[in-house]
Each structure stands twice: as structure tokens, then as C-alpha cells.
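J.: One structure, pasted below without further comment.
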Amino acid sequence: MAAATQHPFSAIKGKKVLMVGAGGIGCELLKTLALSGFQDIHIIDMDTIEVSNLNRQFLFRQTHVGQSKAKVARDAVLRFRPQISITPYHANVKDPEFNVDFFKQFHVVLNGLDNLDARRHVNRLCLAADVPLVESGTTGFLGQVTVHVKGKTECYECQPKPAPKTYPVCTITSTPSKFVHCIVWAKDLLFSKLFGDKNQENDLNVRSGDASSSSGHSEDVFVRKPEEDIDQYGRRVYDHVFGYNIEMALSNEETWRNRNRPRPIYVRDVLSAALSQQNGDMENTKISDDPLSVSAMVSLGLKNPQEVWSLVENSRIFLEALKLFFSKREQEVGNLSFDKDDQLAVEIVTAAANIRASSFGIPLHSLFEAKGIAGNIVHAVATTNAIIAGLIVIEAIKVLRNDTSSYRMTYCLEHPSRKMLLMPVEPFEPSKNCYVCSETPLLLEINTQRSKLRDVVEKIVKAKLGMSLPLVMHGAALLYEVGDDLDEIMVAIYSANLDKVLSELPSPITGGTILTVEDFQQELSCNINIKHREEFDEEKEPDGMILSGWTQALTTENNKNSSAGNGTSTSSQAVPIETVVDDELEILSGETATLHSGKKRKISDSSKASNTSFEEKSKRKADELELDSPIVVLEGSMEKDNGKKKRLQ
Amino acid sequence: MKGEELTEQETALYDRQIRVWGVDAQRRLSKSHILVSGLRGTAIEFCKNIVLAGVGSVALNDDRPVTEEALTANFLIPSDGERVVGKSVAEICSESLKDFNPMVRVSVEKGDISCQSVDFFDKFDVVVVCCYSLAAKRMVNEKCRKLSKHVAFYTVDCRDSCGEIFVDLRNHAYTKKKLDETMECQIHYPSFEESISVPWSSLPKRLSKLYFAMRVIERFEDVENRRHGETTIADLADVLKLRTELCQANSVNESQVPDSLLERLIAGPSEFPPVCAIIGGILGQEVIKAISGKGDPIKNFFFFDAADGKGVIEDILSNP
Ligand SMILES: [Zn+2]
């Protein structure tokens, strides 16, 4: 009772907080912290403000578009609380300046982040610095807040995070059954092929190449021939990818035994000769220096992005967009990659996906929907962020009071569960099997002004940690890496680094630095806190460095995946095709499990892809659900089952 | 509504939320008119949420001058003294709120809302009163109910680190998605007076204790002719006495309304900003649901207590 009635200000006074993220949750959080009496707030965010942020990131205005979120948020809050101190950093939380010593100055760290990678990074730094962390995430009407205090509650990584959604390559290239498969095809294969780096091999290329050579032309069909009319080129590409390639696929009877046969589509079938010749009104297109504003929709007079276009309209958009790329944005062709904010790119991907969907009898979608799928755009509303921010502050105050028994993780639900819309659950104890928090973090005492990187790699990373193909990183800076896919320049840089003294590396290693060492083959990654020490006893400490906090058990536990690799894998894990672009991606997925105490709890996931909660089922079509997490294509699971994963370019 | 499209500007601004509730809901929001009276912290949070969501208009009502007290949980009042001199809380807040979203009309209604004629409320789709007295809540709710048009009525109260929302949507028709099917639903709400008149002994067994505690303090302020939140720890003995009387009259055990809870509610600060954010967020979502006619609305009370962290829906008088 005393704790509850006690004015929260007494716990807050003189306390220093670090906020990571000034986006949807961050704006709400900064406001609520300031109103609640917090007086020393530091805030890190590398992003700049975009128009689509403005519907919920209420500290930002139209005039702020393009400016630093952290800085604008600070100025906005100081307008109603000028006496407090807010320190903004327009920077990546993974930058080396934000090391353990930096984190140690804070009494609590509050996360309002949008990606797994940064969340893990902050989790590890908080553990290393022994600073409590309050973690959060929202999507649509769902959200969660969790408390991570070293030694008392589970860390952010105690619960394994599911891998991103993957699709077999053949589903994408040959047998799509959902609209998302068509989007992946249009975005990662066709778009890259048409406008990306021609030297990048992808499956569309392989297949088209094979097909072409067998029918007598060996040149790449995607290359515009010299003097070739742009309309002619567009129709040739259209007929090839939507017509000829489908005919080729149909010739493999085995594939279609238990599937609906797709329909080849040719320009002449869809558009009358006159219509296909008819140009879009290019003069109508706004003359603008901004290539991102060129639009096939505008030149064809289609206005509503919510509308589902017919096959004819999609075909016209496809041809018009292709033409606009080659006429208005020719210098970019050859080095473009898909960007959700590139209108013309979204248009051609939408149209291509829809034409392919028509072939395979899959329902067509609007540009608005296609853009959400292709861009992994998260669903976000202001109210959920406000609620979650309020819950974060309540937990932060408990942490500052050291009121351990009151810590809760709280779920914000769309539909009540046992009458509750906000459901608190007692936090769990740290997992004994968690490689991140179960052992005291590794500590390496070393003379950073004398020892070389080679000493660390040979004596510690290889000899003690047992890594065979190690990668050594300091923040975002790669210091050392081995692998047969490195180019000569990188090999030279890395070998030069090996002979450099730690404190003289391009990203200097000094006392307080955290090194990340990883071995992709073993799926093993750990952090080493560096402590500078001048002298070592030559007899007792012959290595000239001391590693502590390491036990053999950790090695075996985390080696569990090493036997799964068959030596052919190019990377140990599926790599997301693109990182999520906007806001709070990660959410609870709401799988209900019964636990030790007989209490129910919801297992939180980093991605909504793998498990579908009842909240989500009722909210969105199953088809859309799996799209929100990064899409990865799993290569060859049908034709050749070698388990090889590959990142599509 | 058919045939009217969102403008390009609206589509760009509301992109992320349209992905949550759809274009149709966004169109309905942009045509709705909201009245908010009593601009305490919770109401301010609510205003921010619905202005960002893109409602058609918001009318603010609060004639209090800007004082130290009005500033506590209010992020709409800038600290530069000049601008606020001689202005009411509603006038200052409307200026700041306009900046949040140029597509929403923000205006000020002066005077005591509870004394307005029934017709006054006809121009609104949603009426929210925050930290109102028992008598004023009753009056506004009754006036809204006299209209043939369905005006959604909400009350919100915050005391210490607790909050309460009351909802009256009269007869509310809406759709909800279950798995892949859209269901049509209809529910009936009791009025505020009907709800609080239910004898305590016939209420659900495990009802939130906050319900009783809020009724006791509300009643105390009513009989003592106090304004909302004017009760202090000095009144504790009298509040406990009233609690005992009400429990006896309703034949419920006094343990339903613990001393400690009543003490906390009257001793603590009137507003706790994190709770304002939470209650204002839940209320924002409810109003969006009511306007869009999408999703199960709260029926008919919601309670949040930061001490246990639970946000609970209670259905008082489920069959009016
Ligand atoms: Zn852990």
C-alpha cells in the first residue's frame, strides 16, 4: 500500500532514463515520461520523419519531414516541459559510442524499437551493463510490455524468436497459390531482373535463359535490344514472363497433376492492338525533379489506390510503368532495388503480381494492399502506442523503486480475455538455457594498446570459444571475417586488421568496448566485454590476456545446430529479404500455454508470422497475416532437397 | 458514403491506420463530430488520439483559466506564459490540437454543458465528459438519450492511479469479423442512471472493487456538493462512514470496498499521467469502434488500476 500511495515523483527524482526509438511508441513515451516528472531523458533514434508517421507520431508535423526524429521529439516536448533535460542522439543504437559504459549511466532503459536486431543488441548491452530494460511492441490494436532485470526476470532473448517466414523457391517461380507468392515473384525476381543489377543471378534468369536457349535465342530476354522500340520491348517482356514462361511450365505435366493449371496470358489476348499502342498521356505526368513521383496511374488516369484493377488495367499499368522507367528514369535502370516509397516501382510490382495472379486463378489485390505486402508495412495506430507507453512508464517506476514483486508483463488485447483488455502476467525467471543471459557475460582482460587482433582471434575466439569460421564485430563495424565468398579487397583489409593493435583498429577496441564474435556455421554468437589491463604475469598468464565467464557447457549448448549444417550452406540462417521499414514490427503472437504454476501466459514472439492468435485471425485474412514479417525464399525444397537457403536479390 | 473517396493527402497520412480499420471506417471517422468536456489529462490524451485518427471535428469545453493545476497532465499547454494569459483551458488546447492534424476542425464550446438544451447535443455523434459530478453526468446522459439520433455517450474519471470509463451507446448495431466471416451484431445499453441504480447485492460476484469505490466517492462529492476530485484525505472518516451506509443499504459486505482502496483514491494526486494515457487510449479506441461500427465495443464499464495492472471490462445490468 505504501508503495502505491507514495507519490511516484520520489522514485523518479534524480533518475536518468535511456529511450531507444522515437517512433510510434517513442513519441508517446517521451510525452508520458515528461508529464510523469522524469527530468533526465536520453533518446536515440537514427530515423528521419516521414509523412506516414504523422498519423500517430504526434510530436511531428508536416514541416518536420526529413528531420531527425530524436531531435524534433525533444524540441516538441520541451515546449510544454522546458525545465527538463532531454538529450537526443540522431544515431544507430548499434554504433560503438553506445557501449557498456554508456549504458551504465542509466537507471533504466526503455525500448520503443522496430526490429529484432536492435532489440537483441539493447538486451545484451543492458545485461552487460546490469541496467534494467523495459521492452515493448505494438501492431494494430495489439501490444505488449515486458520487464527484463538481470538475474530476476527472463531476458529478451530467453524466449527463442521464430525465424522469418520462408517460401520454397519453386512456389515462387512455378506454383504460386497465394497472392503473396505473386508479390515475391514480382518484387524479388521480375523487378530485380528488369531494373536491378543484371549481373545478379536469380531464378527467373536461370529459367528464362534455359528456355530461351532451347528455343534458339541465347540472349537475355530482359535486355532491351539496340534500337528496340520501347512499346515493342514492353510487349516482348510481357509475353515472355506471363505467356511463354507459363507455357513452358505447363509442359511439365507432373507439376500439374494435383494442381490447377495456370493460363498463359499474352498482350494480344488482353489488349486490343489499338489499345496496347495507345500511350498513356505522358504530357499529363507532373514534371518533377523527384523520380519517386513518376506514376503510371497518373498517366492512365487511375486515381484510387484502394481499387482492384482488372486484368486489362493491370496490363496497361505494367506496360506504361515499364515505359516510364525507360523513358523518365533511364539512368536508374540497372541499379534499382524495390522501395515501398517508389510509386512507379509499387505500380509495376502490383500490376505484375496481379497479372500472374490472374494466370494462376488467385484473387487480385489493390495497389494499397499490394504495397503493404511488398513493403512489409506494419499496421499501426496511435491509441495502442499511447496505452503501451503508459504501461512502460508504470513498469519503469516500479523498476526505479526496486519493487521487484510488482513487475508485470502486460498484454494489450483487441478482444477481452477473461474480461481483461489489459492483461498483466507475472514475469518469468531467467531461462537457464539462455545463452545470452544464463552465464555471466564474457569478460576479456587484455592490454588493448599492445595486443593485436590476431592474438584475440587465435587465442580466444578460436582456441577458447572453439569457433572455426569466426566473424568479429565492434558495433556495426566488421573487423574480421573468414569465408570463401569474400572479395579480394575485404580479404586484404581483414588480414591487415589482424596485425593491428586493438586500440588502433579502424573501430578501436578499448576498455568498455563490447566485441561481438559469431560463427555462422555453428550458429553461435556471443559478446565479450573488453577490460583494459596494463600488465600480465608471464608465468601464470602466458596468453597475456584472461577470459572469464566462459564455461564449456555454453559451447555444447549452443552448438546444437552445427551438425545440421551439411557444409553446403552459405549462411547459417535465413536472411530477411529486407529489414522492416517503418514502425513497430514485433508483436505478441498470443499462443496460450499452460505453465508451471498453472497460470496461463502468452508466449511472446518476435513475429506474427508463425503463430496466429485468435485476435489476429478475427482481424485479418489469413492470407495477409503471414506477410508482415520479412519474407525469405527457401531454395530448392521441391526439386532438390538440400536444405540450402539463399537470399534472393 | 459510397463513391466518396479519400483524398490523396488523406490516403498518405492515414496509410498505416487504414491498414488496421479499413477505408470505410476512415470515411466514417472523417464525418464524425465529437464533443469533449472537462479537459483533464485523460480527456487531453483522448483528444490527441481522435484528432490523429482523423475525425471530422472536435469541440472542446472547459472554461477554467490556465492554472498550475490544469498543467499537470496536459501536454497541449505550452509553457510560454504570454500565450495563455486570459485564455481558458479549452481555448489554449484547441490552438495546440489544431496543429496535430490540419484536416480536423477544432472549436471551443463555452458554458456549462450540463445546462444546455437537448438540441445542443444533436450536432454531435459522440459526447465525452471527463471528471464530471454525479449530477452532471446524469443530466448530460439523459439529454443525449432524448434525441432520436444515437449519440454515443462516455464518462471518464481518473483518481490517483485508477481510471474508469462508462459507455452508453443505447442500441448499437455493428459488424465484427469472426475468422473470415463478417457478423452483424446489435447490443443494448442501459443509461448511466439505470446502471448505477442496480442494487449492489444483485451485481456479479467478482465485480471490480473499483466500481464500488468510485460510486462511494462520487456519491460523497454529490451530497457534499463538491466538485470532482475535491475530496481529500481529511474526508476519509466521512467517506468511510458513507461506504458503510451504502454497503448496509445494499446488503453487501464492507470488504467489497476496502478502506485502503478508498484511502488511495482520495489521498493520491488527482491525475497520474501514465493512467491518463492508458484510459485516454482505451477511450480513443472505443470511440473509433463506435463511429466505424466495427468491432465489439466495451459494455458498459472499463476499469484500470496501475496497482495490479489489470484493465477490466464490467457489464453492469447486462439486460436492461
Ligand atoms: Zn535470457
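The values are calculated or read from the model by the stated rules, or taken from the named source; none is laboratory data. None of these values were measured; they are calculated from a predicted model. Here Cβ is always computed from backbone atoms with ideal geometry, including for glycine, and neighbour counts include all displayed protein chains. Keep in mind that these areas ignore ligands, DNA and RNA; they rest on the heavy atoms of the full protein, side chains included. Shrake-Rupley method; radii C 1.70, N 1.55, O 1.52, S 1.80 Å.
J.: Can you name every residue in segment B:22-81 that is of a type in the set (K, R) and away from chain A (no Cβ under 11 Å)?
T.: B:R28, B:K31, B:R40, B:R64
J.: Could you grab me the full set of residues in segment B:245-286 that are more than 22 Å from B:G311 (Cβ to Cβ), within 10 Å of chain A (Cβ to nearest Cβ) and among the small types (G, A, S)?
T.: Scanning segment B:245-286 gives a single hit, B:A267.
J.: Scanning segment A:52-81 for residues that are open to solvent by 50 Å² or more (accessible area, probe 1.4 Å) and within 13 Å of another protein chain (Cβ to nearest Cβ), which turns out farthest from A:A380 (Cα to Cα)?
T.: A:R79
J.: Residues in segment A:28-61 that are in contact with a Lys or Arg (Cβ under 8 Å, 6 or more places away or on another chain) and of a type in the set (D, E): how many?
T.: Selection size over segment A:28-61: 3.
J.: List the strands (runs of 3 or more DSSP E) inside segment A:384-463, counting only whole elements, that have at least 1 residues being open to solvent by less than 10 Å² (accessible area, probe 1.4 Å) and under 30 Å from A:P508 (Cβ atoms).
T.: Per the criteria, A:442-446.
J.: Something else now. Determine if segment B:70-88 includes at least one residue that is among the aliphatic types (A, V, I, L, M) and touching a strand residue (DSSP E or B) at 6+ places or on another chain (Cβ under 7 Å).
T.: Taking segment B:70-88 first, the residues among the aliphatic types (A, V, I, L, M) are B:70-71, B:73, B:76-77, B:84-85.
This time we only want the ones that are touching a strand residue (DSSP E or B) at 6+ places or on another chain (Cβ under 7 Å), so: none.
So far as segment B:70-88 goes, no, none of its residues is among the aliphatic types (A, V, I, L, M) and touching a strand residue (DSSP E or B) at 6+ places or on another chain (Cβ under 7 Å).
J.: Could we say that A:H365 is in contact with a strand residue (DSSP E or B) (Cβ under 7 Å, 6 or more places away or on another chain), more than 16 Å from A:F191 (Cα to Cα), open to solvent by 10 Å² or more (accessible area, probe 1.4 Å) and part of a loop (DSSP other than H, G, I, E, B) here?
T.: Judged against the criteria, A:H365 is not a match.
J.: Given the conditions (1) assigned to a loop (DSSP other than H, G, I, E, B); (2) farther than 19 Å from A:E28 by Cβ; (3) open to solvent by less than 10 Å² (accessible area, probe 1.4 Å), and given that B:L35 satisfies all but one, which numbered condition is not satisfied?
T.: B:L35 satisfies all of (1) assigned to a loop (DSSP other than H, G, I, E, B); (2) farther than 19 Å from A:E28 by Cβ; (3) open to solvent by less than 10 Å² (accessible area, probe 1.4 Å) except (1).
J.: Taking B:S197 as the residue in question, decide whether it is surrounded by fewer than 14 Cβ atoms within 10 Å (Cβ to Cβ) and under 16 Å from B:F166 (Cβ atoms).
T.: yes
J.: Considering only residues that are open to solvent by 20 Å² or more (accessible area, probe 1.4 Å) and within 14 Å of another protein chain (Cβ to nearest Cβ), look in segment A:82-104 and name the one that is farthest from the ligand (Cβ to nearest atom).
T.: Selected residue: A:P82.
J.: Could you tell me which numbered condition A:G24 fails, if it satisfies all but one of (1) within 23 Å of the chain's Cα centre (by Cα); (2) at the interface with another protein chain (Cβ under 9 Å from one of its Cβ atoms); (3) at pLDDT 95 or above?
T.: If we test A:G24 against (1) within 23 Å of the chain's Cα centre (by Cα); (2) at the interface with another protein chain (Cβ under 9 Å from one of its Cβ atoms); (3) at pLDDT 95 or above, just (3) comes out false.
Listed here are the residues, each with its yes/no results for (1) modelled with pLDDT under 90; (2) part of a strand (DSSP E or B); (3) among the hydrophobic types (A, V, I, L, M, F, W, C).
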residue	(1), (2), (3)
B:R27	no, no, no
B:L39	no, no, yes
B:A43	no, no, yes
B:K48	no, no, no
B:L52	no, no, yes
B:L60	no, yes, yes
B:A70	yes, no, yes
B:A73	yes, no, yes
B:L76	no, no, yes
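J.: Only one of A:E347, A:E414 is in contact with a helix residue (DSSP H, G or I) (Cβ under 9 Å, 6 or more places away or on another chain), modelled with pLDDT under 95 and among the charged types (D, E, K, R). Can you tell me which?
T.: On the way: A:E347 fails: modelled with pLDDT under 95.
One residue alone meets the criteria, A:E414.
J.: Determine whether B:M103 is within 19 Å of the chain's Cα centre (by Cα) and surrounded by fewer than 23 Cβ atoms within 10 Å (Cβ to Cβ).
T.: For B:M103, the condition - within 19 Å of the chain's Cα centre (by Cα) and surrounded by fewer than 23 Cβ atoms within 10 Å (Cβ to Cβ) - is not met.
J.: Now for a separate question. Could you list all residues from segment A:46-71 that are over 20 Å from the mean Cα position of the chain (by Cα) and touching a residue at least 24 places away in the same chain (Cβ under 8 Å)?
T.: Within segment A:46-71, A:N55, A:R56, A:Q57, A:F58, A:L59, A:F60, A:A70 qualify.
J.: May I pose another question? Quick test of your reading of the structure: B:L169 fulfils all but one of (1) out of contact with any Pro (no Cβ under 7 Å at 6 or more places or on another chain); (2) closer than 21 Å to B:G56 by Cα; (3) of a type outside the set (D, E). Name the failing condition by number.
T.: (1)
J.: Exactly one of these conditions fails for A:P416: (1) more than 9 Å from chain B (Cβ to nearest Cβ); (2) in contact with a strand residue (DSSP E or B) (Cβ under 7 Å, 6 or more places away or on another chain); (3) more than 16 Å from the ligand (Cβ to nearest atom). Give me its number.
T.: For A:P416, the failing item is (1).
J.: Looking at this structure, is A:V378 under 28 Å from the mean Cα position of the chain (by Cα), more than 9 Å from chain B (Cβ to nearest Cβ) and at pLDDT below 95?
T.: In short, no.
J.: Suppose we filter segment A:105-149 for residues that are within 14 Å of the ligand (Cβ to nearest atom), within 20 Å of A:G475 (Cα to Cα) and within 14 Å of another protein chain (Cβ to nearest Cβ); how many remain?
T.: Qualifying residue count, segment A:105-149: 0.
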